[in-house]
């Protein structure tokens, strides 16, 4: 009788927990927003963004200037490549304004590249304080340009 009672109590305690004890198939990893309009420009900008983030973190460190210059070279190469593309947002602009929109985008990219050139010169001169100031300036340019030329993510 004691054994049956003990068994019944254990069963009542273990049964609600039992499903959690079984090996469950892991839930699929949450997918990041899939970009339906993944473009070459988007891929180029993502690569540039990766280099930019690293550069922002290390620009104040004069001992990392060689690595910083490599990141600047990546940013410049991506920026020059981006000049050849049209932003996806051009499709959202009226047809009559598309040519001007693309020309404005290209002008902003050229201004960005000019500032990156100044940043490169500051790093080559080991002027990390100036480099950090330029990074702040370039970051502000980037934010404004993204507001104007980047298609909002859904």
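Read the figures in this text as sums done on the coordinates, not as results from a lab. All values reported here derive from a predicted model rather than from experimental measurement. Counting neighbours? That spans all protein chains shown, and the Cβs are built from the backbone with ideal geometry, glycine included.
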Contour minus Cα-Cα distance for residue 63 and residue 49 (0.36 nm per residue): 2.8 nm
Anisotropy class of the range 76-123 from Cα gyration tensor, a/c 1.5 cut: prolate
Distance from the range 49-78 to the range 109-140 (C-alpha centre basis), Å: 10
Pairwise label distance in nanometres, residue 100 with residue 146, each label 7 Å out on the Cα-Cβ vector: 2.6
Ratio of Rg to Rh over the range 36-149 (Cα coordinates, Kirkwood Rh, two decimals): 1.02
